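**Student:** Have a look at the structure that comes next, please.
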Amino acid sequence: MILSNLSIPLLGMVDSGVAGHLPGPVYLGAVAVGATIFNFLFMGLNFLRMGTTGITAQAFGAGKQDVLREALGRSILIALALATALIVLQVPLREIFLYFVAPAEEVKSFTRTYFEIRIWSAPAVLVNFAMLGWFLGLQNARVPLVLLLTINITNMALDLLFVVGLGYHVDGIAAASVIAEFTGLVVGLFFVSRELKNHPGRFSLHALVNRQQLIHTIHINGNILVRTLCLMFSFAFFTAMSARQGELILAANALLLNLQFFMAYGLDGFAHAAEALVGRALGMQKRASFELAIRRCLQWSLLVALLFSVIYALLGNGIIALLTDIKSVRTTAAVFLPWMILSPWISVWPFLYDGVLIGATWVREMRNSMLFSTFLIY
């Protein structure tokens, strides 16, 4: 999962690198704005991945083969319904985002082109979320790695083909993303069909649309959505407050946030492991396994947190120097670097227990803790 996560920022770097070599900054600006819009949309809907993991892991632990199939089928139905809504509402969604981001007119025009093409990736993106969550619930992290690498490598290759080879601009970058996501969908469905042979059972349309089970799934996903919105609000609020203190603080904090995000990719790998292991232990109704899963994931998380603290203490200023050659930004970021050295020891706890609560599907408690920390403390 750590390897899977690290492939995600690499993709964004390639998109930006390709756009950055087009004539004029307007293309890079359009890709940046468009990518921000879709990151916001898709991050908000990532509950499809997390909610599916917990339900699947518990069914896996309990040996309920039909429930395993229903968890995947129900999540895919919800994913397709949400994707349809995004496509139908694409024009108002696009204009609302452009209103709040307010880019320059030329950038806005190219952003519309990017949006109008990439929105058609929504069905593949959301179904891929559901499949990723299902495989993680089965404690199979290899397929998610293959799936994400397929999407990201295909996207990178098509970026180069369409833009460098065939001379397309923003439209080529957007089309590469759409084709890559559907390529991932085909690969994912292949692995799903193969995995289902190991879990004999049958799909029942009546069970998939069972009102009580649909409400239960929506309840889990809805609470995870609230958690995700709190997280997104916190980062947006942090950036807004940074901007109010001037461009120097904004730039320095942007660099330090890169260190925070990179650390998150490492620690999140063990949070994902906790989702699968805790869910399975609860499904098996084995308290000892439940406690062991948390203890082992915590031990590894603390070890990785220590590693990040040491790296940032020894190499933090060097990393900042690699990210910018502007002396004033380097100096300002260095002043606040001690917080980044401390951050892994603070972050390790919410990261890990986020995974524990999702695996246990104790989503109401997770929602309440996020609301409390976001609006009463932060």
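**Student:** Normalised by the residues of segment 248-341, what does the relative contact order come to in percent, with Cα pairs under 8 Å and at least six apart?
**Tutor:** That works out to 43 percent.
**Student:** For ILE215, ILE78, what's the largest-to-smallest order of accessible area, 1.4 Å probe?
**Tutor:** Listed by decreasing accessible area, they come as ILE215, ILE78.
**Student:** To continue, here is another question. Which of rounded, prolate or oblate describes the chain when judged by the alpha-carbon gyration tensor and an a/c cut-off of 1.5? If you can, show how the numbers build up before the last one.
**Tutor:** Working: a/c = 1.76, a/b = 1.22, b/c = 1.45.
Note, shape of the chain comes out oblate.
**Student:** In whole Hz, with x marking every Gly and Pro, tabulate ³J(HN,Hα) for segment 326-335 from phi via Karplus 6.51 cos²θ - 1.76 cosθ + 1.60, θ = phi - 60°.
**Tutor:** Couplings: 7, 4, 5, 5, 4, 5, 5, 4, 5, 4 Hz.
**Student:** If you take every residue apart from ALA321 with its C-beta less than 12 Å away from the C-beta of ALA321, what net charge results, scoring Lys and Arg +1 and Asp and Glu -1?
**Tutor:** Neighbour charge sum, excluding ALA321 itself: +1.
**Student:** May I ask for the distance between the Cα centers of segment 38-117 and segment 286-308, given as a whole number of Å?
**Tutor:** One Cα centre to the other: 31 Å.
**Student:** What ranking of VAL186, VAL163 comes out by heavy-atom accessible area, probe 1.4 Å, highest first?
**Tutor:** Listed by decreasing accessible area, they come as VAL186, VAL163.
**Student:** Same structure again: Where q = 0.08 Å⁻¹, what log10 of I(q)/I(0) comes from the Debye formula for segment 45-187, counting one point per Cα?
**Tutor:** Taking Cα atoms of segment 45-187 as identical point scatterers yields -0.27.
**Student:** Per residue, how much accessible area does segment 255-301 have with a 1.4 Å probe, in Å²?
**Tutor:** Averaged over the residues of segment 255-301, the accessible area is 47 Å².
**Student:** Turning to a different aspect of this structure: Please enumerate, by chain and number, the lysines with C-alpha under 22 Å from the C-alpha of LYS64, excluding those fewer than 8 residues away in the same chain.
**Tutor:** Output for LYS64: LYS197, LYS286.
**Student:** So, one more: In square angstrom, what is the accessible area per residue of segment 87-183 with a 1.4 angstrom probe?
**Tutor:** 43
**Student:** Now for a separate question. What number do you get for segment 218-283 when its Cα radius of gyration is normalised by 2.2 N^0.38 Å, N = residues?
**Tutor:** 1.51
**Student:** With every protein chain in place, what's the accessible area of ILE224 (1.4 Å probe, Å², nearest 10)?
**Tutor:** 0
**Student:** In whole Hz, with x marking every Gly and Pro, tabulate ³J(HN,Hα) for segment 236-249 from phi via Karplus 6.51 cos²θ - 1.76 cosθ + 1.60, θ = phi - 60°.
**Tutor:** Ordered by residue, 3J(HN,Hα) equals 5, 5, 4, 5, 5, 5, 5, 4, 5, 8, x, 5, 5, 5 Hz.
**Student:** Here is a further query. Considering only the other residues whose Cβ falls under 13 Å of the Cβ of LEU352, what net charge follows from Lys and Arg at +1 and Asp and Glu at -1?
**Tutor:** Local charge sum for LEU352: -1.
**Student:** Quick check: at a probe of 1.4 Å, how many percent of the accessible area of segment 241-306 sits on carbon and sulfur atoms?
**Tutor:** Of the solvent-accessible surface of segment 241-306, carbon and sulfur hold 60 percent.
**Student:** With springs only between Cα atoms under 10 Å apart, run a GNM on the chain and tell me which of SER242, SER177, SER301 wobbles the most.
**Tutor:** SER242
The values are calculated or read from the model by the stated rules, or taken from the named source; none is laboratory data. The structure presented is a predicted model; accordingly, all values stated were derived computationally and were not measured. Positions of Cβ are backbone-derived with ideal geometry, glycine not excepted, and every protein chain shown enters the neighbour counts. Protein only, heavy atoms only, side chains kept; ligands, DNA and RNA dropped before computing areas. Shrake-Rupley method; radii C 1.70, N 1.55, O 1.52, S 1.80 Å.
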